[in-house]
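Take a look at the structure set out below.
The values are calculated or read from the model by the stated rules, or taken from the named source; none is laboratory data. Bear in mind that the values here come from a model prediction, so they are computed numbers and not experimental data. Here the Cβ is made from the backbone with ideal geometry for all residues, glycine too, and neighbour counts use every protein chain on show. Just the protein is used for accessible areas: all its heavy atoms, side chains included, with ligands, DNA and RNA removed. Shrake-Rupley method; radii C 1.70, N 1.55, O 1.52, S 1.80 Å.
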Amino acid sequence: MRPFRYERPATAARAVAAAGGEAHFLAGGTTMVDLMKLDVMRPERLLDITQLEDGRYDFIDWDGKSLRIGALTAMATLADDDEVRRRVPMLSDALWLAASPQIRKAARIGGNVLQRTRCAYFRDTSYAQCNKREPGSGCAALDGGVTRGHAVLGTSSACIATYPGDFAQSLIALDAVVEILGKDGPRAVRFAELHRQPHSRPDIETTLEEGDLIVAFSIPDADFPRSRYLKVRDRESYAYALASTAGALRMDGDVVADIRIALGGVATVPWRAREAEEMLKGSSISEDGLERAAEAAFAGASTTEDNAYKVDLGKRTMVRTFLELARMEG
Amino acid sequence: MSETPDRMDFVSRRGLMKGGVAGAAILPASARAQTASSSEDADGTVPLQRMNVTLDVNGQARQLTIDTRSTLLDVLRHDLDLTGSKKGCDHGQCGACTVHIDGERRLSCLTLAAQAEGHEIVTIEGLGSENALHPMQQAFVDNDAFQCGYCTPGQIMSAVACIREGHAGSDAEIREYMSGNLCRCAAYPNIVAAVKQAKSGMEG
Ligand SMILES: Cc1cc2nc3c(=O)[nH]c(=O)nc-3n(C[C@H](O)[C@H](O)[C@H](O)COP(=O)(O)OP(=O)(O)OC[C@H]3O[C@@H](n4cnc5c(N)ncnc54)[C@H](O)[C@@H]3O)c2cc1C
Ligand code: SF4
Ligand code: FES
Ligand code: FES
């Protein structure tokens with residue numbers, strides 16, 4: 001690991017002022033320290049934001065139907081919150097099904113949404129080719145690599161790395177808003193606009209600007225008791241998604257009044273399946289209808305020999321999620 | 001988790017060497033200030049940074065001067081000679097390094113020692129004593145919940161926290177909430193039995 005300066009800014013404003021360039025925030029460190037050991041991330045200064053003294057950044061506040069969660073809330077705290085479990089289970093599910101109990105105690109939800117891909121060629125600097133690590137160097141995955149875990153949606157000829165996180169799928173499905181403190185003061189952006197598809201610059205993963213600190217996520221309309229996060233993976237627990245669905249449903253009698261679909265494990269960024277949502281809105285839930293919608297959700301898929309299975313797996317995961325939600329008491 | 005441990009080991013060790021060598025060459029003997037001020041080198045690289053910390057480990061305040069890169073695991077094992085916490089993967093994937101920080105289970109391999117300052121750290125050495133085993137240690141012995149024993153300190157620290165968190169309600173829940181601790185010897189059924197036995201001991 002390269003040497004770096006460790007600092008504990010006293011306030012969020014000071015953290016933001018100090019950040020930028022090779023000065024990065026440190027939350028739980030479960031992405032940062034891991035990738036520093038691998039020499040993939042090379043900060044010169046780490047700004048520990050877990051000990052800010054100017055206020056609490058770990059909170060879970062309901063105000064009517066809106067929910068606000070501090071960015072430094074630990075994954076485990078949110079996963080175990082009783083009211084969140086009852087009112088919007090997909091948020092809790094996406095967290096307790098992720099990583100391990102120890103990691104969930106350390107990791108914070110702000111760092112969680114910014115976790116980096118698990119593409120083996122990104123993580124291993126002995127591969128010279130990786131456009132995400134070294135812009136313009138090529139892509140070892142596309143150039144004959146093993147791509148079983150790679151993405152089929154939102155890919156480009158420069159990078160097909162999967163966005164590995166679970167929680168972000170629930171946030172994007174719930175129309176969450178990201179509250180940011182930046183060098184020019186506070187602002188808010190839609191969560192759907194936080195991540196960038198790779199296009200020709202896979203190294204630029206988000207729309208955040210230098211020094212931007214995520215302080216909270218807010219969800220204006222968060223009451224979705226009929227929601228869940230279904231995750232399919234190689235082993236039963238402690239593994240990343242091969243395919244997952246964050247699904248939420250509101251019924252008006254037999255008719256779908258509101259439906260939210262986000263797909264994990266299959267795309268380069270948190271992925272909202274809006275076409276599929278439009279097809280299902282206003283009709284009743286049927287297996288046929290769901291299959292047609294899933295078809296539409298994956299219509300733009302681009303596959304390799306290794307990851308072609310993800311199209312079927314992704315569709316089935318989506319269909320099963322909503323068949324199960326339809327059977328739930330609403 | 002598609003990369004092989006061998007490859008990861010190789011990469012991380014090489015990375016450490018790089019930093020270590022560069023750091024040693026430019027470290028002035030006096031660079032032992034709280035947060036060594038880092039005037040950058042002529043070539044732009046950051047010199048090695050040392051920092052004085054006080055870590056609260058097993059109820060004792062331990063004063064140390066550490067390289068900011070040190071993980072809590074390395075400080076426990078190398079500086080404090082507490083070798084009960086094990087290094088399995090060094091990347092958050094196996095749980096062998098599990099300790100308690102403020103009573104919660106955490107991975108010491110992904111925790112910078114600097115970040116642990118100001119928090120109560122308990123390792124397997126601080127859980128029980130040879131004459132008075134913690135109920136979980138006794139349960140692991142009673143249930144033969146290990147073979148080689150390498151994962152065991154991590155399993156025990158994790159299991160104690162699992163019960164405290166209220167995540168040991170059924171066999172299935174124990175398996176899910178102990179999934180962050182891998183056992184190469186696959187002592188899993190016996191580990192579940194040990195957790196159940198200790199649960200009645202800890203709660204009763
Ligand atoms: C073995 C293993 C298995 C895992 N499995 C899963 C899984 O199945 N599903 C899953 O979703 N995740 C998984 N993870 C990833 C894990 O959830 C993330 O590493 C974690 O959530 C990151 O949070 P952190 O607080 O540790 O972030 P850090 O490592 O501290 O930070 C991550 C990044 O975010 C930046 N950052 C942190 N906080 C902020 C903020 N408030 N504002 C702006 N920037 C910020 C940091 O500068 C850094 O670049 C796994 C990780 C490991 C090691
Ligand atoms: S898929 Fe993306 S992250 Fe992986 S090697 Fe190619 S460019 Fe790098
Ligand atoms: S040594 Fe494997 S998780 Fe820490
Ligand atoms: S007892 Fe050998 S690894 Fe668990």
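With a 1.4 Å probe and all protein chains left in place, how much of the accessible area of the range B:50-126 comes from carbon and sulfur atoms, in whole percent?
Values: 940 of 2520 Å².
The value for the range B:50-126 is 37 percent carbon and sulfur by accessible area.
If you take the accessible area of B alone plus A alone and subtract the pair, what total do you get in square angstrom, rounded to 100, with a 1.4 Å probe?
Numbers: alone 11360 and 14810 Å², together 22030 Å².
Looking at B and A, the buried total is near 4100 Å².
Using a Debye calculation, one point per C-alpha and no hydration shell, please list log10 I(q)/I(0) for the range B:50-126 at q = 0.17 Å⁻¹ in order.
Log-scaled intensity ratios, in q order: -0.53.
So what are the ³J(HN,Hα) numbers for the range A:136-143, from phi and the Karplus equation (6.51, -1.76, 1.60; θ = phi - 60°), rounded to whole Hz, Gly and Pro as x?
After applying 6.51 cos²θ - 1.76 cosθ + 1.60, I find x, 8, x, 9, 5, 5, 6, 8 Hz.
Within the range B:135-203, what whole-number % of the accessible surface is contributed by carbon and sulfur, with the 1.4 Å probe and all protein chains included in the calculation?
Numbers: 1570 of 2980 Å².
The C+S portion of the solvent-accessible surface of the range B:135-203 is 53 percent.
Could you give the dipole magnitude of chain A about its Cα centre, charging the beta-carbon of Lys and Arg +1 and that of Asp and Glu -1, in debye to the nearest 20?
Roughly 580 debye for chain A.
Please give the per residue accessible area of the protein assembly as shown, computed with a probe of 1.4 Å over protein heavy atoms only, in Å². Provide the component values of the computation, followed by the final result.
Numbers: 22030 Å² over 534 residues.
Computed with neighbouring chains in place, this is 41 Å² per residue.
Top mean-square fluctuation among A:Thr207, A:Thr303, A:Thr73, Gaussian network model of chain A, C-alpha springs under 10 Å?
Comparing A:Thr207, A:Thr303, A:Thr73 in the GNM, the peak value goes to A:Thr207.
Per q in 0.13 1/Å, what log10 I(q)/I(0) does a Debye calculation on the alpha-carbon atoms of the range B:136-196 return?
Relative scattering, expressed as log10 I(q)/I(0), comes to -0.25.
Just to make sure I understand: if all protein chains stay in place, what is the order of A:Asp175, A:Asp252, A:Asp212 by accessible area at 1.4 Å, largest first? If you can, show how the numbers build up before the last one.
Working: A:Asp175 65, A:Asp252 110, A:Asp212 15 Å².
Per-residue accessible area, sorted high to low, gives A:Asp252, A:Asp175, A:Asp212.
Please give the residues from the range B:88-120 for which the solvent-accessible area of heavy atoms, probe 1.4 Å, is smaller by at least 50 Å² with all protein chains in place than with the chain isolated.
B:His91, B:Arg105, B:Arg106, B:Leu110, B:Leu112, B:Gln115
With springs only between Cα atoms under 10 Å apart, run a GNM on chain A and tell me which of A:Pro186, A:Pro89, A:Pro220 wobbles the most.
Result for chain A, Cα springs under 10 Å: A:Pro186 fluctuates most.
Just from its helices, what would the mean residue ellipticity at 222 nm be for chain A, if runs of 4 or more DSSP H residues each count -39500 (n - 2.57) and the sum is divided by every residue, rounded to the nearest 500 deg cm²/dmol? Provide the component values of the computation, followed by the final result.
Values: 12 runs with 91 residues, N = 330.
Helix-only estimate at 222 nm: -7000 deg cm²/dmol.
Report, by chain and number, residues whose modeled amide H sits under 5 Å from the one on A:Trp271, excluding near sequence neighbours (fewer than 5 apart, same chain).
The list, which skips near neighbours in sequence, is A:Leu263.
Report the one residue of B:Gly166, B:Ser200, B:Tyr177 whose Cα lies farthest in the direction of the positive end of the charge dipole of the range B:135-203 (charges on C-beta: Lys and Arg +1, Asp and Glu -1; origin at the Cα centre).
Ranked along the dipole, the leading option is B:Tyr177.
According to the Kirkwood expression over distinct Cα-Cα pairs, how big is the hydrodynamic radius of the protein assembly as shown, in Å? Numbers along the way, then the final one.
Numbers: mean 1/r = 0.0413 Å⁻¹.
The answer is 24.2 Å.
Using a 1.4 Å probe on the protein heavy atoms, what percent of the accessible area of chain A belongs to carbon and sulfur? Show your work: numbers first, answer last.
Details: 5860 of 12680 Å².
The value for chain A is 46 percent carbon and sulfur by accessible area.
Give me the base-10 log of I(q)/I(0) for the range A:189-321 at each q in 0.12, 0.13, 0.15, 0.20 Å⁻¹, Debye formula, one uniform scatterer per Cα, rounded to two decimals.
-0.55, -0.64, -0.84, -1.29
Quick one: which bits of the range A:1-45 get at least 40 Å² less accessible when the partner protein chains are in, versus the chain alone, with a 1.4 Å probe?
By number: A:Met1, A:Pro3, A:Phe4, A:Arg5, A:Tyr6, A:Arg8, A:Val33, A:Asp34, A:Lys37, A:Leu38, A:Glu44.
For chain A, with a Gaussian network of springs between Cα atoms less than 10 Å apart, report the residue from A:Gln169, A:Gln102, A:Gln115 with the top mean-square fluctuation.
In this elastic network of chain A, the residue with the biggest mean-square fluctuation among A:Gln169, A:Gln102, A:Gln115 is A:Gln102.
Tell me, what is the 1.4 Å probe accessible area of A:Ile259, in Å² to the nearest 10?
0
Of A:Lys231/A:Lys310; A:Lys37/A:Lys310; A:Lys105/A:Lys132, which sit over 22 Å apart, Cα to Cα? Could the numbers behind the result be given before it?
Details: A:Lys231/A:Lys310 13 Å; A:Lys37/A:Lys310 31 Å; A:Lys105/A:Lys132 29 Å.
Where the Cα-Cα span goes over 22 Å, the pairs concerned are A:Lys37/A:Lys310; A:Lys105/A:Lys132.
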